[in-house]
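Trainee: Please find one structure pasted underneath; my questions will follow.
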Amino acid sequence: MIKFGTKPMDMKMRKLGLFAALLTSLAFVQCDVMEDVTNTVSGGNTNGGGDEKPSLTNEEVIAGLKEALTIGIQKGSDLASKTDGFYKNPKIYIPWPEDAKRLKEWAVDNGMENKVQEIEMNFNRAAEKASEKAFPIFKDAIVNMSIGDGFKILNGTDTAATHYLRKSTWSPLKTEFKPVVQEAIETVKLTQYWEPVASAYNKVAKFSNKEEVTTDLNEYVTNKGMNGLFYMIKQQEKKIRKDPAAQVTDLLKKVFGSLLD
């Protein structure tokens, strides 16, 4: 049998071919790695596959935040406006005014403890009554609220949207809500309970050269009532952020579901 040897030129060409094939393989691997990195950085927003997150625009996030707040005030005001919604909820219960504590102590010392309890109950009854009409007022404030960077609020604390609403709408909201509280105060006859006790105390205070009580009931109940409603909104926002069952619309699922993935 005749054996033929391999020429040096053939060996050189074979090595060059193997080197070229290796370079080609490395190029393909590099492309795959770069594609994976790009998808990771961009949040995997591609058109293929069924497990990728849907992309979100700032406008969608803002709409989702407003929808969450709207649902929050709707549910919150429903709960607060029920009988004992304020009165038997320790988180939003309206106590005796701090600047009228001396009146409370004097009334109790003079056998008017029942009157004191009636007054405290009617602070809360007034807030419950006002909460019945809170939803459209708060909803208008939410709809008209200006939000620049929705992603900043979305990725903030679990009550960031409620905090933003409070900070940006408190004054105009209070202007709209205060007449509703005044009407509620008149409906539950809070002033009729308050004035006889306050007047009796003020007569004694004037005779004793002590400071008289001049608590503005409308201002007091308005502030406490709004604080209570904002607390209820916060609780609903927490639920929507953390509980898929609370994300009751497609928009909420898309916006807040992204936080759970």
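Trainee: When you check LYS152 against the structure, is it assigned to a helix (DSSP H, G or I), free of Cβ contacts under 8 Å to residues at least 24 places away in the same chain, surrounded by fewer than 18 Cβ atoms within 10 Å (Cβ to Cβ) and among the charged types (D, E, K, R), yes or no? Spell out the reasoning first.
Mentor: Values: assigned to a helix (DSSP H, G or I): yes; free of Cβ contacts under 8 Å to residues at least 24 places away in the same chain: yes; surrounded by fewer than 18 Cβ atoms within 10 Å (Cβ to Cβ): yes; among the charged types (D, E, K, R): yes.
Here the answer is yes, as LYS152 does meet what is asked.
Residue by residue, here is whether (1) touching a residue at least 60 places away in the same chain (Cβ under 8 Å); (2) over 16 Å from ASN122 (Cβ atoms) holds:
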site: PRO196; (1), (2): yes, no
site: ALA205; (1), (2): no, yes
site: SER208; (1), (2): no, yes
site: LEU229; (1), (2): yes, yes
site: GLN235; (1), (2): yes, yes
site: SER258; (1), (2): yes, yes
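Trainee: Quick check on this structure: which one of ALA161, ALA184, ALA127 is touching a Gly at 6+ places or on another chain (Cβ under 6 Å), buried (at least 19 other Cβ atoms within 10 Å of the Cβ) and within 25 Å of ASN89 (Cβ to Cβ)? If you could, list the steps in order and put the result at the bottom.
Mentor: Details: ALA161 fails: touching a Gly at 6+ places or on another chain (Cβ under 6 Å); ALA184 fails: touching a Gly at 6+ places or on another chain (Cβ under 6 Å).
Only one candidate qualifies: ALA127.
Trainee: If you don't mind, there's one more thing I want to ask. Could you tell me which residue of region 65-101 is nearest to ALA126 (Cα to Cα), considering only residues that are of a type in the set (Gly, Ala, Ser) and under 12 Å from the mean Cα position of the chain (by Cα)?
Mentor: Within region 65-101, the match that is nearest to ALA126 (Cα to Cα) is GLY76.
Trainee: Within region 192-240, how many residues turn out to be of a type outside the set (Val, Ile, Thr), farther than 28 Å from VAL180 by Cβ and surrounded by fewer than 21 Cβ atoms within 10 Å (Cβ to Cβ)?
Mentor: Looking only at that region, the number is 11.
Trainee: Which residues, taken from region 211-241, are modelled with pLDDT under 95 and either in a helix (DSSP H, G or I) or touching a Lys or Arg at 6+ places or on another chain (Cβ under 9 Å) (or both)?
Mentor: Hits for region 211-241 are GLU211, GLU212, VAL213.
The values are calculated or read from the model by the stated rules, or taken from the named source; none is laboratory data. Computed from a predicted model, the values in this text were never measured in an experiment. No Cβ is skipped: glycine too gets one built from the backbone with ideal geometry, and neighbour counts run over all protein chains shown.
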